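No value in this document is a laboratory result; all are computed from the given coordinates. As the structure is a computational prediction, the values presented were derived from the model and not from experiment. Cβ atoms come from the backbone with ideal geometry, glycine included; neighbour counts cover every protein chain shown.
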Amino acid sequence: MSGFVERLGVPLRARAEITTLQVNVGLACNLACRHCHVDSSPKRTAADENLSEETAERILGWLANAPSITTVDLTGGSPEMNPHFRRLVTESRRLGKRVMDRCNPTILVHRDTTGAEPYAWAPAFLADHGVHVVASLPCYLEENVRKQRGLTAFPDSVAGLRRLNDIGYGRRPELRLTLVYNPVGPSLPPPQQQLEADYRRVLRDEYGLEFTELWAITNMPIARWRDDLERRGELAAYEQRLLDAFNPATFEGLMCRGQIHVDSQGRVHDCDFNYALRLPTPSTAGRFLWEIDPAELGGREIATGPHCFGCTAGAGSSCGGSLAS
Ligand code: SF4
Ligand code: SF4
C-alpha cells in the first residue's frame, strides 16, 4: 500500500478514452545522466531492452486500430538511436497521429569512434514529418548541466539545439520545440512560467537560441536518481518533501489518466515511471499491447506507488510539464 490513493481520496483510473500512446523504444543512450529514471546509458544496447522490427510493426498494427489515440509519444533512452525510430514516425504520421520525440539534443551532434555523426539526419527528418521535438536541457547554466549529464553535455546541447533552430524548430510555429527542465538537486522545480522567461533570456542573449515553450519536470525518486539520493543520505528527506507538497489540484492532469505506455518488448504500463519500476497495468498484466482491445484501456485502474507523489507535488509534474499553478 503506497498511501497515494488514500491521499488522493478517489481511485486512480484512466479517463473513459485515452488519447496518447507512449512508446519507450529502448534504453540505449549516448549519455548516462544522474537523474535518469530508466538508467539509460551507452551500455544498454541489449536486444531485450530495445525495440525490434517485429515489435515495432506489431505496435503500429495496434495503432492502426486505435482511433482514440491522437498522439504517439516516443521516448527512451535516445529514441533516434533505435533503428526503427524512423519507421515508427513515418507510419504514425501516415495514420494521422501527432508525434512527439523526447530528444536529448546532444545526440544530434554525437560523433562515433570514426568521427562521423550517425544522427545528423535527425533535424531534417523530424522537420519533414512535423514531429514535435521535446528536448531535455536540465538548466540554462553550463555548470548545472555538466553536473547532471557530463563534461561536454552543455556545449553539445547548444550545438544540437542550434541545428534544430537552423531548420526552423522554435522559430516556425509548425515546428514546435519544447525544452525540458529538471532540478539539479533534491528540490521541486520553480514556477514553470518564471523559469521559461529565464531560459528564454539566457539562451537568446548568450547563444542566440529560440524555443517554443518550457516544461518543468520533477525528478522521480527511482532508479539512478534514487541511488544518488541514497548515497548522499537525502532520499528520506526528498520523499518527505514530495509528500508534504501534495497538491490535489494536480489530479485532473495526471498523465497516466490519458495515456497507455508500451515498452520495447510490447509490455504495457501506465507511465514511463511504472515501466522503470516494472509495475504493470493491473488489468492487462501478462498481455502484450497487440493482445489488448484499445477500448478496454479507458477507465482502467492505474497501478500506483510512493513514487506517484512526484507527480502531485507542488505545481505537479508530467511528461507535459507542470499541472497546476
Ligand atoms: S535522462 Fe535522457 S539523456 Fe539522460 S541518460 Fe536518461 S534517457 Fe539519456
Ligand atoms: S507515477 Fe505514473 S502512475 Fe503514478 S501518478 Fe505519475 S503518471 Fe500516474
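Please identify the trypsin sites (Lys or Arg not before Pro) of the range 263-321 that satisfy two criteria: DSSP loop assignment and at most 12 other Cβ atoms within 10 Å. Which are they?
Hits after loop and neighbour filter: Arg278.
If I take R0 = 41 Å and measure r between the Cβ atoms of Thr152 and Arg172 in this structure, what FRET efficiency does the formula 1/(1 + (r/R0)^6) give, to the nearest 0.05?
Efficiency, rounded to the nearest 0.05: 0.90.
What FRET efficiency, computed as 1/(1 + (r/R0)^6) with R0 = 30 Å and r the Cβ-Cβ distance, is obtained for Asp205 and Arg94, rounded to the nearest 0.05?
Result of the calculation: an efficiency of 0.15.
Could you tell me what percent of the DSSP beta bridges with both partners in the chain are antiparallel, to the nearest 5?
Roughly 25 percent of the beta bridges in the chain run antiparallel, per DSSP.
Report relative contact order for the range 242-325 in percent, whole number only (criteria: Cα-Cα under 8 Å, sequence separation at least 6).
Across the range 242-325, relative contact order equals 40 percent.
For the range 22-38, what does the Karplus curve 6.51 cos²θ - 1.76 cosθ + 1.60, with θ = phi - 60°, yield as ³J(HN,Hα) per residue in whole Hz, taken in order and with x for Gly and Pro?
Karplus-based 3J(HN,Hα) across the range 22-38 equals 9, 10, 8, 7, x, 9, 5, 8, 7, 10, 9, 5, 4, 8, 5, 8, 10 Hz.
Residues with amide H under 5 Å of Ala216's amide H, sequence separation 5 or more or different chain, H placed in the peptide plane at 1.01 Å from N; which?
Excluding prolines and chain starts, which carry no amide H, the hits are Tyr181, Ser322.
I'd like to verify something in the chain: which complete DSSP H helices, judged by Cα projection on the helix axis, reach 18 Å or more and average at least -1.0 on the Kyte-Doolittle scale?
153-166
Semi-axes of the equivalent ellipsoid of the chain: what are they in whole Å, largest first, if each equals the square root of 5 times a C-alpha gyration tensor eigenvalue?
Output for the chain: semi-axes of 28, 25, 19 Å.
What whole-number distance in Å separates the alpha-carbon centres of the range 96-139 and the range 257-325?
Between the Cα centre of the range 96-139 and that of the range 257-325, the gap is 25 Å.
Restricting things to alpha carbons, tell me how big the range 12-146 is in terms of Rg and Dmax, in Å.
Both quantities, over Cα of the range 12-146: 15.6, 51 Å.
Collect residues whose amide H, placed 1.01 Å from N in the peptide plane, falls under 5 Å from the amide H of Ala28; neighbours closer than 5 in sequence don't count.
Ser78
Put +1 on the Cβ of each Lys and Arg and -1 on the Cβ of each Asp and Glu in the chain; which of Ile167, Ile69, Leu214 then has its Cα farthest toward the positive end of the dipole?
Result: Ile167, furthest along the dipole toward the positive end.
Once both labels are modelled 7 Å past Cα along the beta-carbon direction, what's the Ala245-Ser68 spacing in nm?
Once both label points are built, they end up 3.2 nm from each other.
Over the chain, what is the mean sequence separation of C-alpha contacts under 8 Å (at least six apart), divided by residue count, expressed as relative contact order in percent?
For the chain, the relative contact order is 24 percent.
Once amide H atoms are built 1.01 Å from N in the peptide plane, which residues 5 or more positions from Leu177, or in another chain, come under 5 Å H to H?
Close amide H contacts, sequence-distant or interchain: Gly170, Thr212, Glu213.
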